[in-house]
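The values are calculated or read from the model by the stated rules, or taken from the named source; none is laboratory data. Because the structure is predicted, anything quoted here is derived from the model rather than measured. All Cβ positions, even for glycine, are placed from backbone atoms using ideal geometry, and neighbour counts span all protein chains on display.
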There are 2 protein chains.
Amino acid sequence: MADQLHSMCPKFEAAFEILGKRWTGLIIRVLLQGPCRFKDISEMIPGMSDRMLAERFKELEAAGLISRHVYPETPVRIEYELTEKGKALRPVMDEVQQWGETWV
Amino acid sequence: MADQLHSMCPKFEAAFEILGKRWTGLIIRVLLQGPCRFKDISEMIPGMSDRMLAERFKELEAAGLISRHVYPETPVRIEYELTEKGKALRPVMDEVQQWGETWV
């Protein structure tokens, strides 16, 4: 048990460390609806500055949770999408939401 | 959707803020097995100092996730137990564990 706990510890913390940052859970929840442009998300979360969103996008990309697609149109279109790793967070988000609604 | 997102935002963040702290997830996972004395948990998580554990216990108690029971024996026995709010985190912990095992 102690060994099992220990081996999970860094993974647990890594997961919560990403998800625990301000706005991150919200950004992931918006992206769970489908790919979005920067402006789409920015408008859906009015309290969050564009600078903050750009920072979160970078972190989420570095964590392998989102990918960035550039479509060479005029004007250029850039979309952000959850990777498989990011999409796999849906059950986590659902359970946290349910817990939050009942208990927070 | 935007309204719904917004109303959930503080609850999401509150949940992740608690769970995202170092050792907290691990402490909750140990307590999901049943009530424990300070020393039991301390021994199960050798990398964590007693001072840190005491701090986390205080935070978790303040968040309403654990309760502290004092049994007036000789020597006095003190046990920590998850509250209903704390026990309700089991599905969250399970989903995060599953995600972590697959993706982290």
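Quick notes on this one:
- Among (1) more than 11 Å from the chain's Cα centre (by Cα); (2) without any contact (Cβ under 8 Å) to a residue 24 or more places away in the chain - the single one A:Met52 does not satisfy: (2)
- Only one of the numbered conditions (1) at pLDDT 90 or above; (2) more than 9 Å from chain A (Cβ to nearest Cβ) is violated by B:Gln4, and that is (1).
- All positions within region B:25-49 that are under 28 Å from A:Leu26 (Cα atoms), surrounded by 15 or more Cβ atoms within 10 Å (Cβ to Cβ) and more than 8 Å from chain A (Cβ to nearest Cβ): B:Ile27, B:Ile28
- Of the residues making up region B:1-16, one or more are in contact with a Gly (Cβ under 9 Å, 6 or more places away or on another chain), aliphatic (A, V, I, L, M) and free of Cβ contacts under 8 Å to residues at least 12 places away in the same chain.
- So A:Val104, is it touching a Phe, Trp or Tyr at 6+ places or on another chain (Cβ under 7 Å) and closer than 30 Å to B:Leu82 by Cβ: no
- Condition broken by B:Leu19, with the remaining ones in (1) more than 8 Å from chain A (Cβ to nearest Cβ); (2) at pLDDT below 95; (3) under 10 Å from the mean Cα position of the chain (by Cα) satisfied: (1)
- Residues of region B:50-104 classified as away from chain A (no Cβ under 14 Å) and small (Gly, Ala, Ser), total: 2
- Taken over region A:15-45, residues that are touching a helix residue (DSSP H, G or I) at 6+ places or on another chain (Cβ under 8 Å) and not in a helix (DSSP H, G or I) amount to 7.
- In region A:50-84, residue surrounded by the most Cβ atoms within 10 Å (Cβ to Cβ) [restricted to those that are basic (Lys, Arg) and assigned to a strand (DSSP E or B)]: A:Arg68
- Conditions (1) in contact (Cβ under 8 Å) with a residue 40 or more places away in the chain; (2) within 28 Å of A:Leu26 (Cβ to Cβ); (3) crowded, with 16+ Cβ neighbours inside 10 Å: number failed by B:Gly20: (1)
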